Structure formats: C-alpha cells, structure tokens
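Chemist: Sharing a structure here in structure tokens format.
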Amino acid sequence: MKSIKFRDHLAKLILAGKKDSTWRLFDDKDLQQGDEVECINKDTGEVFATAVLTDVREKRLGEVEDADFDGHERFASEEEMYQTYRTYYGDEVGPQTLVKIIRFALR
C-alpha cells in the first residue's frame, strides 16, 4: 500500500475533518485517483488513518487558483507558498514547478 506523510499539525487537521487535500511535488509514488493510502505522521512515524484518493490533478504552482485551496491550508502570499515547499523539496521550487493536487477521503 502506498503512503503519504504529514507533519503532526496537519495530521490533527485531517483527523478533525478540516483538511482533505494535499499537494505533492516531484511525486515518486505515482499517486493516482482511486489509490488507497496509509496516512503517516511524519513526526512520530505512526499510521494515523487510511484514505482513498478521490481526485488527483496536476498543474504548475504559479497556476494554482483559489478553488485549489479547498480543504488545504492557505498561505499569506505566493512567496510564502514557495518558501514552504522549498523547506520540503529544496531550492528549485518556483512558479513552474508541477504540483499534484490530491483530494482524499478517510476510510
């Protein structure tokens, strides 16, 4: 089974029903609609839920629209968004970087 890791504060939002979308750059797992995944707390290593991917779309970060933020945490600015993803993925993140916008439902 595929897995997706989330920081502790994001895992809590998922379990509280406040987050049902995640964005992934440089997807090395080939995440696809219909996949069942384990949700892992990156800070503790624990599986905290199982989910099914209900929608998977890809676009460039610079093309992200307001509707893409539904179920996902928001950023104060585009630059904050790029900086956040640079901490996860490295300095090459920018407006041309492809992002997979993934919506999911807990099982």
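The values are calculated or read from the model by the stated rules, or taken from the named source; none is laboratory data. Here the structure is a predicted model, which means the values were calculated and not measured. We place every Cβ from the backbone using ideal geometry, glycine too, and count neighbours over all the protein chains shown.
Chemist: Restricting to segment 6-44, count the residues that are of a type outside the set (V, I, T) and in contact with a helix residue (DSSP H, G or I) (Cβ under 9 Å, 6 or more places away or on another chain). Give the derivation first.
Modeler: Taking segment 6-44 and keeping what is of a type outside the set (V, I, T), we get 6-13, 15-21, 23-36, 38-39, 41-43.
Retained after the next criterion (residues that are in contact with a helix residue (DSSP H, G or I) (Cβ under 9 Å, 6 or more places away or on another chain)): 6, 18-21, 23, 25-26, 39, 41-43.
So the count comes out to 12.
Chemist: For residues in segment 82-103 being aliphatic (A, V, I, L, M) and surrounded by 14 or more Cβ atoms within 10 Å (Cβ to Cβ), which is nearest to E36 (Cα to Cα)?
Modeler: Taking segment 82-103 and keeping what is aliphatic (A, V, I, L, M), we get 93, 98-99, 101-102.
Subsequent filtering for residues that are surrounded by 14 or more Cβ atoms within 10 Å (Cβ to Cβ) retains 93, 99, 101-102.
Values: V93: 28, V99: 20, I101: 16, I102: 12 Å.
Looking at residues that are aliphatic (A, V, I, L, M) and surrounded by 14 or more Cβ atoms within 10 Å (Cβ to Cβ), I get I102.
Chemist: From (1) out of contact with any Leu (no Cβ under 9 Å at 6 or more places or on another chain); (2) modelled with pLDDT of 95 or more; (3) more than 23 Å from H9 (Cβ to Cβ); (4) not in a strand (DSSP E or B), pick out the condition that doesn't hold for G45.
Modeler: It fails just one condition, (3).
Chemist: Among the residues of segment 61-81, count how many are over 13 Å from T22 (Cβ atoms) and either more than 14 Å from the chain's Cα centre (by Cα) or in a loop (DSSP other than H, G, I, E, B) (or both). Steps first, please.
Modeler: In the first step, residues of segment 61-81 are kept if they are over 13 Å from T22 (Cβ atoms); the result is 61-67, 74-81.
Okay, now just the ones that are also either more than 14 Å from the chain's Cα centre (by Cα) or in a loop (DSSP other than H, G, I, E, B) (or both), so 62-67, 74-80.
Final tally of qualifying residues: 13.
Chemist: Sticking with this one: Taking A51 as the residue in question, decide whether it is among the hydrophobic types (A, V, I, L, M, F, W, C), exposed (fewer than 13 other Cβ atoms within 10 Å of the Cβ) and either outside any loop (DSSP other than H, G, I, E, B) or at negative phi (or both). Explain how you work it out, then say what you get.
Modeler: Details: among the hydrophobic types (A, V, I, L, M, F, W, C): yes; exposed (fewer than 13 other Cβ atoms within 10 Å of the Cβ): no; either outside any loop (DSSP other than H, G, I, E, B) or at negative phi (or both): yes.
No: the conditions fail for A51.
Chemist: Among the numbered conditions (1) hydrophobic (A, V, I, L, M, F, W, C); (2) within 23 Å of Q96 (Cα to Cα); (3) touching a residue at least 40 places away in the same chain (Cβ under 8 Å), tell me where F75 comes up short.
Modeler: Failed condition: (3).
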